[in-house]
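The values are calculated or read from the model by the stated rules, or taken from the named source; none is laboratory data. Since the model is a prediction, treat every value here as computed from it, not as a measurement. In this analysis, Cβ positions are derived from the backbone assuming ideal geometry, glycine residues included, and neighbour counts consider all displayed protein chains. To get the accessible areas, we keep the full protein, side chains included, count just its heavy atoms, and leave off ligands, DNA and RNA. Shrake-Rupley method; radii C 1.70, N 1.55, O 1.52, S 1.80 Å.
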Amino acid sequence: VLADAYRFSLADVRAMYDAGILGPQDRVELVHGMVVAMSAPDPRHAAVLEWLAAQMAPAARGRFGIRVRDTFLTADGGYLLPDLIVIEPIPRDRLPETALLVVEIARGTLARDAGKAATYAAAGVPEYWIVDLDRDEVLVRREPGPTAYASIERFVPGDVVRPLAGVLPAIDVAALLAP
Amino acid sequence: MATQVATPAFPLYRFSVEDVIAMVKAGILDEHARVELIDGVLVEMSPTSPRHSDIVAWLNAHITPVARGRFQVRVQDTLLTPSGGYFEPDLFVVEPMRNRLPDRALLVVEVAYTSRSHDLWKAATYATAGVPDYWIVDVVRNEVLVHRDPTEKGYASVERFVAGDVIAPLLDVPPVDVASLLAP
């Protein structure tokens, strides 16, 4: 950990995009004031994400918003770009600070995504899924506390994950991992 | 202790020197922010103390009068590093130049109050950049570590000077009395 890294604000990162210091192709997150590079595109990651978003969209329509790789503001003034979030409707001029469900799809990024659990728990996200493409499993964290989730459950092909928000569809893990 | 600028879990975005210059222009970064760019990551420098400032001022006054025309003394200014970043050494001496940022120096001096490990870590970079004479003035231990004979792997020679000693700079400037330097 870099104790003395310079800490940027969200406004700083916006200004970097405005000034062309960061370009449209640069996908970054702001974690504890540090600008973090997102992982490189990956075909399987994209296919799994597309499949999952398609499953969620019909059930969410009119009730919840589904956002894919979009901004999630964090309590420390930074932001993350989770692969998929399900949110309650919010005003058009606001960015979400919490969600009903956050899903990260991990391919070589399990440690990084597990590291985000504290942030999502602190934001009161009731469930956080990591779809681990390296191990072909889904880690479902529930019961958020101020610094961590109290429960972690592992789902493998053959299992079905039922979202806490009952209107969202149950997800067949085998279908999710091999869309 | 090495200064670590990335963790595997969070691959930090790497900025270039041009990016940092653009940040200052865009008002994102204060022109006077005390930062360095190490492996593409902006790092905050420790705040200076009065004694730190006194020592830098004393050295500046010692070298600048004899520098005229032959070289330039720069204080807490930009020195580009071979890895594409930059440091802001407390004081360094360069050959006369205009309209460009220096990427090598004839002498670099860092005054360490709380930053000794960071300044020791910088030795590898200064050695790679071919800086022939690198001094760490450690105001806590009251000593000066003089690094010489730069190689690709670091400095081949490190010598310790304390009050009572005199350092003869490789540059053609008057010898430095360590007692005077440490108690300016």
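What to note about this one:
- Prolate/oblate/rounded label for the stretch B:82-184 (Cα gyration tensor, a/c 1.5): prolate
- The residue list A:Gly33, A:Val13, A:Gly62 was ranked by how far each Cα lies along the charge dipole of the stretch A:1-99 toward its positive end, using unit charges on Cβ atoms, and A:Gly62 comes out on top.
- Cα-only Debye scattering, the stretch A:100-178: base-10 log of I(q)/I(0) at q = 0.22, 0.23 Å⁻¹: -1.00, -1.08
- Gap separating the Cα centres of the stretch B:139-165 and the stretch B:19-75, nearest whole Å: 21 Å
- For the chain pair B and A, buried accessible area totals roughly 1900 Å², probe 1.4 Å, rounded to the nearest 100.
- In units of the compact-protein estimate 2.2 N^0.38 Å, the protein assembly as shown shows a Cα radius of gyration of 1.28.
- Chain B shape via C-alpha gyration tensor axes, a/c threshold 1.5: prolate
- Summing Cβ point charges (Lys, Arg +1; Asp, Glu -1) relative to the Cα centre of chain B gives a dipole of roughly 180 debye.
- Pairs of Cα atoms in chain A fall into 5 Å distance bins, from 0 up to the last occupied one, in shares of 1, 8, 16, 21, 21, 17, 10, 5, 2, 0 percent.
- Within the protein assembly as shown: Cβ-based charge dipole about Cα centre, in debye rounded to nearest 20 (Lys, Arg +1; Asp, Glu -1): 480 debye
- Across peptide A:4-13, the average count of Cβ atoms from other chains found within 10 Å of a residue's Cβ is 5.
- q = 0.14, 0.17, 0.18 Å⁻¹: log10 I(q)/I(0) that the Debye formula gives for the stretch A:41-115, counting C-alpha atoms only: -0.47, -0.69, -0.76
- Note on the protein assembly as shown: dipole from Cβ charges, positive end direction compared against B:Val35, B:Leu182, A:Pro144; the farthest Cα belongs to A:Pro144.
- Basic side chains Lys and Arg get +1 at the Cβ, acidic Asp and Glu get -1 at the Cβ, and with that the dipole of the stretch A:55-123 about its Cα centre reaches some 220 debye.
- For the stretch A:139-147, 3J(HN,Hα) per residue [Karplus equation, 6.51 cos²θ - 1.76 cosθ + 1.60, θ = phi - 60°, Hz, x = Gly/Pro]: 9, 10, 9, 9, 6, x, x, x, 10
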